[in-house]
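**Student:** Supplied in structure tokens, the structure appears directly below.
The values are calculated or read from the model by the stated rules, or taken from the named source; none is laboratory data. This one's a predicted model, so the numbers in the text were calculated from it and none came from an experiment. Neighbour counts run over all protein chains shown; Cβ positions are idealised from the backbone, glycine included.
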Amino acid sequence: MYVRKTERFHFELQKVLHNIAKDKKTAAKEFNQKLEKLLNSLPLQPFRYRQSHSFGDERVRDLIFKGYTIPYLVTNIEIIILGIYNSNEWEA
């Protein structure tokens, strides 16, 4: 099982990192490194995090990291990182 990040996730992550870097560039770098480590550990326990409230599918989970929600889909062969947001209004 491997982790695949969608284009949407990459786009949204860049916006998040840009906003964090406005205050402190090193904080953005640290945020990105720690998030990457968490995402890479998902194959060890793909259902570790709660079922997503935004989807009606138990295979879609929400990883919560420093106030940001990262929804991801667990399939038989991969974990697909769908996006990242920090509010309750994310359009699936």
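**Student:** Give the stretch 6-41 a look and list any residue that's in contact (Cβ under 8 Å) with a residue 60 or more places away in the chain and either among the aromatic types (Phe, Trp, Tyr) or in contact with a helix residue (DSSP H, G or I) (Cβ under 6 Å, 6 or more places away or on another chain) (or both), or say none.
**Tutor:** Just the residues of the stretch 6-41 that are in contact (Cβ under 8 Å) with a residue 60 or more places away in the chain, to begin with: 6, 8-9, 12-13, 16.
Within the stretch 6-41, just Phe9 meets the criteria.
**Student:** May I pose another question? Across the stretch 21-55, what is the total count of residues that are over 23 Å from Leu73 (Cβ atoms) and either at pLDDT below 95 or of a type in the set (D, E, K, R) (or both)?
**Tutor:** Here the count works out to 6.
**Student:** I've got another one for you. Would you point out the residue of the stretch 32-85, among those that are more than 20 Å from Glu7 (Cβ to Cβ) and of a type in the set (Gly, Ala, Ser), that is farthest from the chain's Cα centre (by Cα)?
**Tutor:** Gly56
**Student:** Here is a further query. Given the chain, what strands (runs of 3 or more DSSP E) lie entirely inside it while holding 3 or more residues that are touching an Asp or Glu at 6+ places or on another chain (Cβ under 8 Å)? Lay out the reasoning, then the answer.
**Tutor:** Numbers: elements: 2-5, 60-65, 68-74, 78-81.
Those strands (runs of 3 or more DSSP E) span 2-5, 68-74.
**Student:** With respect to Val3, determine if the residue is β-branched (Val, Ile, Thr), touching a residue at least 24 places away in the same chain (Cβ under 8 Å) and either in contact with a helix residue (DSSP H, G or I) (Cβ under 7 Å, 6 or more places away or on another chain) or surrounded by fewer than 17 Cβ atoms within 10 Å (Cβ to Cβ) (or both). Explain how you work it out, then say what you get.
**Tutor:** Working: β-branched (Val, Ile, Thr): yes; touching a residue at least 24 places away in the same chain (Cβ under 8 Å): yes; either in contact with a helix residue (DSSP H, G or I) (Cβ under 7 Å, 6 or more places away or on another chain) or surrounded by fewer than 17 Cβ atoms within 10 Å (Cβ to Cβ) (or both): yes.
In short, yes.
**Student:** Still on this structure, I have one more. Applying the selection to the stretch 7-36, what residues are loosely packed, with under 13 Cβ neighbours inside 10 Å and among the β-branched types (Val, Ile, Thr)?
**Tutor:** Once the filter is applied, which keeps residues that are loosely packed, with under 13 Cβ neighbours inside 10 Å and among the β-branched types (Val, Ile, Thr), the stretch 7-36 yields only Thr26.
**Student:** Right, here's the next one. How do the pairs read when you match residues in the stretch 60-81 that are farther than 15 Å from Arg48 by Cα with residues anywhere that are polar (S, T, N, Q), using Cβ under 6 Å and keeping only pairs 6 or more apart or on different chains?
**Tutor:** From the stretch 60-81, the pairs are Gly67/Asn86; Tyr68/Asn86.
**Student:** Within the stretch 42-52, work out how many residues are without any contact (Cβ under 8 Å) to a residue 24 or more places away in the chain and surrounded by 12 or more Cβ atoms within 10 Å (Cβ to Cβ). Explain how you work it out, then say what you get.
**Tutor:** Kept after step one, since they are without any contact (Cβ under 8 Å) to a residue 24 or more places away in the chain, are these residues of the stretch 42-52: 44-45, 48-52.
Filter once more, keeping what is surrounded by 12 or more Cβ atoms within 10 Å (Cβ to Cβ): 49, 51-52.
Summing the residues that are without any contact (Cβ under 8 Å) to a residue 24 or more places away in the chain and surrounded by 12 or more Cβ atoms within 10 Å (Cβ to Cβ) in the stretch 42-52 gives 3.
**Student:** Do you know which residues across the stretch 60-83 are of a type outside the set (A, V, I, L, M) and in contact with a strand residue (DSSP E or B) (Cβ under 9 Å, 6 or more places away or on another chain)?
**Tutor:** Of the residues in the stretch 60-83, the ones of a type outside the set (A, V, I, L, M) are 61-62, 65-69, 71-72, 75-76, 78, 83.
If the condition is that a residue be of a type outside the set (A, V, I, L, M) and in contact with a strand residue (DSSP E or B) (Cβ under 9 Å, 6 or more places away or on another chain), then Arg61, Asp62, Tyr68, Thr69, Pro71, Tyr72, Glu78, Gly83 are the ones that fit.
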